[in-house]
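Enquirer: Okay, here's the structure, questions in a sec.
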Amino acid sequence: ADGARVPALVIGTGYGGAVAALRLAEAGVDVHMLEMGMAWDVPGPDGKVFCNTREPDHRSYWLRTRTKAPVNYFIGLPLDRDIPRYTGILDAEEFGGITVYQGRGVGGGSLVNGGMAVTPRREDFGAVLPSVNPGEMYDVYYPRANAALGVGTVDPDWFESAACYQYTRVGRRHARRSGLPFVFVPDVYDWEYMEREAAGTATKSALAGEILYGNNHGKKSLQQTYLARARATGRVTVSALHRVASVAPASGGRYTVVVEQLDTGGGVTAVKSVTADRVFFAAGSVGTSKLLVKLKATGVLPLLNDEVGRDWGENGNVMCGRANHLWDPTGALQSAIPCGGIDNRASGRAFAEVAPLPTGIETFASFYLSITGNPHRARFSWNPVAGRVELDWQTAWKQPSIDMARSIFDRINAKEGTVYRSDLFGAYKIWGDHLTYHPLGGAVLNRATDGHGRLTAYPGLYVIDGALIPGNTTVNPFVTITALAERNIEKIIATDL
Ligand code: FDA
């Protein structure tokens, strides 16, 4: 309520925020979470909470009047359609040179993502988080995060015969024929549930094309894991459709947090003010960076250091499709949850998920999301004339990602005698290089913050999300975001409370 005072306020309900809330509550601290997106706990008119990728409606996108599907063409035909403007679940946030996809709602990115839960190889960790002791991460915090998130792997025997993973088996065969290692990719989807979907004994979610706009069944999002445990403590409350606009120093070492309450059309219906002893920025790489850069530049938090806004990267994301021969169908039924990848990290700095095209028809296409070692880093800055935070990412900066991904797919195409699909991202466009699903950085650990996420110029302010990680995790990021949050909150609880 307006004028309230809380011991700990968490901005955002994604991975970093959910870890902070649970561990603070377990330590006896009352926590209030503010989330700009919706609660996603009430069914819509069709009886479902979430809509399907094949029939996107008002629930699909955050305040857009037209969908902006990541794969937006098929056989050169545009797939996007008009939708009513609504506080939907997926934000396709457009900056100058890149569209950044993010989840909006209680659960953050866990609501929309593919659930791929990958721990980086230990030998790569020094490049991911150079100031963090790998021993404690691999012995304590990665295992803790994987257990709490409910990470599991497809049953290899079931995989071999499942119709919905023909696309992955084709991807494996092509990788192996080119001498590239295939690996199973762990996921937080309930694999036993998926087996029941395939057997026809459970309501279909992954096997009905649900992904991107939410899964009505099967996927263990943060709503089922960390946030459920946090609420069960009785110490955590959550306000959805509440967007933080400002965090300013107040008397007694506390902070005044200004919050805008939104309606489902995106309008501000009330502006509230809350006083907090401690504030945890967990609005995601982009959300946290935008807040901190604006608050520093406008003189609200002028002592934030000059590292704020820097070292932002897109985890080297790039997508592509390959056209298969007619004797290599990938299947009309494709599980929306990937379960395998091609690992060329060692010689090509590329890790490619064998991704579905869950269109419901045979496409004769193999589709991939590659995570590459793109070295480019961008910076957020405040534009006082436009009154907004901008990002200086350049479209051409994806070229290293494309080159790294080609270390896999040029090789496979040469071996198989196949070509790239050029109809998935617009006419004659091979590479999906206009976007990222994996924004990272902007308030990097040990640079913008101290070694545990403290914004030291302002005691009681912390960063605890993907903004801490300098642009790349070599694999899908949320396990690392979760494990780092576990490490940092343990230290903060032990020394600051
Ligand atoms: P996250 O983005 O999860 O949470 C931030 C929350 O803060 C959001 O709910 C947001 O609405 C809220 N917020 C922002 N600004 C606010 C403000 N001013 N006031 C109040 N609330 C505010 N990763 C992976 O490891 N495996 C995968 O398979 C995938 N797949 C994937 C698919 C798609 C489509 C997307 C968009 C993303 C993925 N990801 C992924 C990425 C993964 O989801 C992402 O890295 C994490 O969700 C980031 O976690 P954070 O805690 O940093 O923020």
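Enquirer: Among the listed residues Val244, Val271, identify the single one that is surrounded by 17 or more Cβ atoms within 10 Å (Cβ to Cβ) and part of a strand (DSSP E or B).
Expert: Values: Val271 fails: surrounded by 17 or more Cβ atoms within 10 Å (Cβ to Cβ).
Only one candidate passes the filter, namely Val244.
Enquirer: Does Arg81 satisfy the condition of being more than 6 Å from the ligand (Cβ to nearest atom), farther than 30 Å from Asn383 by Cβ, of a type in the set (D, E, K, R) and in contact (Cβ under 8 Å) with a residue 12 or more places away in the chain? Working first, answer last.
Expert: On the way: more than 6 Å from the ligand (Cβ to nearest atom): yes; farther than 30 Å from Asn383 by Cβ: yes; of a type in the set (D, E, K, R): yes; in contact (Cβ under 8 Å) with a residue 12 or more places away in the chain: yes.
Considered against the rule, which asks whether it is more than 6 Å from the ligand (Cβ to nearest atom), farther than 30 Å from Asn383 by Cβ, of a type in the set (D, E, K, R) and in contact (Cβ under 8 Å) with a residue 12 or more places away in the chain, Arg81 comes out as yes.
Enquirer: Just wondering, is there one or more residues in the stretch 16-39 that are at pLDDT 95 or above, surrounded by fewer than 20 Cβ atoms within 10 Å (Cβ to Cβ) and within 16 Å of the ligand (Cβ to nearest atom)?
Expert: At the first step, the residues of the stretch 16-39 found to be at pLDDT 95 or above are 16-39.
So of that shortlist, the ones also surrounded by fewer than 20 Cβ atoms within 10 Å (Cβ to Cβ) come out as 26-28, 30, 39.
Within this subset, residues satisfying the condition of being within 16 Å of the ligand (Cβ to nearest atom) are 39.
For the stretch 16-39, residues at pLDDT 95 or above, surrounded by fewer than 20 Cβ atoms within 10 Å (Cβ to Cβ) and within 16 Å of the ligand (Cβ to nearest atom): present.
Enquirer: Quick check on my filter: what residues within the stretch 217-241 are under 20 Å from the mean Cα position of the chain (by Cα), assigned to a helix (DSSP H, G or I) and surrounded by fewer than 20 Cβ atoms within 10 Å (Cβ to Cβ)?
Expert: Listed by number, the list holds a single entry, Ala228.
Enquirer: Of the residues Gly426, Gly441, only one is within 16 Å of the ligand (Cβ to nearest atom) and either at pLDDT below 95 or within 27 Å of Met319 (Cα to Cα) (or both); which? Before the answer, list the steps.
Expert: Working: Gly426 fails: within 16 Å of the ligand (Cβ to nearest atom).
Just a single option satisfies the conditions, and that option is Gly441.
Enquirer: Same structure, new question: Of all residues in the stretch 150-195, which are within 22 Å of the chain's Cα centre (by Cα), at negative phi and part of a loop (DSSP other than H, G, I, E, B)?
Expert: Val151, Thr153, Val154, Val185, Pro186, Val188, Asp190
Enquirer: Residue by residue through the stretch 113-140, note down the ones that are within 16 Å of the ligand (Cβ to nearest atom) and under 17 Å from Pro186 (Cα atoms).
Expert: Once the filter is applied, which keeps residues that are within 16 Å of the ligand (Cβ to nearest atom) and under 17 Å from Pro186 (Cα atoms), the stretch 113-140 yields Asn113, Gly114, Gly115, Met116, Ala117, Val118, Thr119, Pro120, Arg121.
Enquirer: Sticking with this structure for a sec: Among the listed residues Gly115, Gly96, Gly107, identify the single one that is on the phi > 0 side of the Ramachandran plot and out of contact with any Leu (no Cβ under 6 Å at 6 or more places or on another chain).
Expert: Values: Gly96 fails: on the phi > 0 side of the Ramachandran plot; Gly107 fails: out of contact with any Leu (no Cβ under 6 Å at 6 or more places or on another chain).
Only one candidate passes the filter, namely Gly115.
Enquirer: Now, a different point. What are the pairs with Cβ atoms under 6 angstrom where one residue, in the stretch 272-299, is within 13 Å of Tyr15 (Cβ to Cβ) and the other, located anywhere, is away from the ligand (no atom under 11 Å from the Cβ) and not in a loop (DSSP other than H, G, I, E, B)? Sequence gap at least six, or different chains.
Expert: As it stands, the answer is Phe280/Tyr462, since those pairs meet every condition given.
Enquirer: In the stretch 52-70, is there at least one residue being in contact with a helix residue (DSSP H, G or I) (Cβ under 9 Å, 6 or more places away or on another chain), touching a residue at least 24 places away in the same chain (Cβ under 8 Å), within 13 Å of Val238 (Cα to Cα) and within 15 Å of the ligand (Cβ to nearest atom)?
Expert: No, the stretch 52-70 contains no residue that is in contact with a helix residue (DSSP H, G or I) (Cβ under 9 Å, 6 or more places away or on another chain), touching a residue at least 24 places away in the same chain (Cβ under 8 Å), within 13 Å of Val238 (Cα to Cα) and within 15 Å of the ligand (Cβ to nearest atom).
Enquirer: A further question on this structure: Looking at the stretch 256-287, which of the residues that are acidic (Asp, Glu) and more than 10 Å from the ligand (Cβ to nearest atom) is nearest to the chain's Cα centre (by Cα)? Give the steps one after another, and end with the answer.
Expert: Narrowing the stretch 256-287 to residues acidic (Asp, Glu): 260, 263, 277.
Filter once more, keeping what is more than 10 Å from the ligand (Cβ to nearest atom): 263, 277.
Details: Asp263: 24, Asp277: 29 Å.
Within the stretch 256-287, the match that is nearest to the chain's Cα centre (by Cα) is Asp263.
Enquirer: Could I ask something else about it? Just give me the residues in the stretch 75-91 being on the phi < 0 side of the Ramachandran plot and surrounded by fewer than 18 Cβ atoms within 10 Å (Cβ to Cβ), in sequence order. Steps first, answer last, please.
Expert: Step one: of the stretch 75-91, the residues on the phi < 0 side of the Ramachandran plot are 77-91.
Residues satisfying the conditions are Leu77, Pro78, Leu79, Asp80, Arg81, Asp82, Pro84, Arg85.
Enquirer: What's the total number of residues in the stretch 459-497 that are surrounded by fewer than 18 Cβ atoms within 10 Å (Cβ to Cβ) and within 16 Å of the ligand (Cβ to nearest atom)?
Expert: Number of matching residues: 0.
Enquirer: A further question on this structure: Within the group Thr418, Thr395, Thr456, which residue is away from the ligand (no atom under 16 Å from the Cβ), surrounded by fewer than 24 Cβ atoms within 10 Å (Cβ to Cβ), free of Cβ contacts under 8 Å to residues at least 12 places away in the same chain and of a type in the set (S, T, N, Q)?
Expert: Working: Thr418 fails: free of Cβ contacts under 8 Å to residues at least 12 places away in the same chain; Thr395 fails: free of Cβ contacts under 8 Å to residues at least 12 places away in the same chain.
Unique residue meeting the criteria: Thr456.
Enquirer: Right, here's the next one. crowded, with 18+ Cβ neighbours inside 10 Å, within 16 Å of the ligand (Cβ to nearest atom) and under 12 Å from Gly340 (Cα atoms): which single residue out of Thr153, Thr168 fits that description?
Expert: Thr168 is the lone residue from the list that is crowded, with 18+ Cβ neighbours inside 10 Å, within 16 Å of the ligand (Cβ to nearest atom) and under 12 Å from Gly340 (Cα atoms).
Enquirer: Filter the stretch 308-325 down to the residues that are buried (at least 16 other Cβ atoms within 10 Å of the Cβ) and part of a loop (DSSP other than H, G, I, E, B) and list them by number. Show your work before the answer.
Expert: Of the residues in the stretch 308-325, the ones buried (at least 16 other Cβ atoms within 10 Å of the Cβ) are 308-324.
Within the stretch 308-325, Val308, Gly309, Arg310, Asp311, Glu314, Asn315, Gly316, Asn317, Asn324 meet the criteria.
Enquirer: Tell me, yes or no, whether the stretch 348-361 has at least one residue that is assigned to a loop (DSSP other than H, G, I, E, B), under 18 Å from Cys164 (Cα atoms), of a type outside the set (Lys, Arg) and in contact with a Cys (Cβ under 8 Å, 6 or more places away or on another chain).
Expert: Step one: of the stretch 348-361, the residues assigned to a loop (DSSP other than H, G, I, E, B) are 349, 356-361.
From what's left, under 18 Å from Cys164 (Cα atoms): 356-361.
Now narrow it down to the ones that are of a type outside the set (Lys, Arg): 356-361.
So of that shortlist, the ones also in contact with a Cys (Cβ under 8 Å, 6 or more places away or on another chain) come out as none.
For the stretch 348-361, residues assigned to a loop (DSSP other than H, G, I, E, B), under 18 Å from Cys164 (Cα atoms), of a type outside the set (Lys, Arg) and in contact with a Cys (Cβ under 8 Å, 6 or more places away or on another chain): absent.
The values are calculated or read from the model by the stated rules, or taken from the named source; none is laboratory data. What you see is a predicted model; the values in this text were computed from it and never measured. For neighbour counting, all protein chains shown are included, and Cβ atoms are generated from backbone atoms with ideal geometry for every residue, glycine included.
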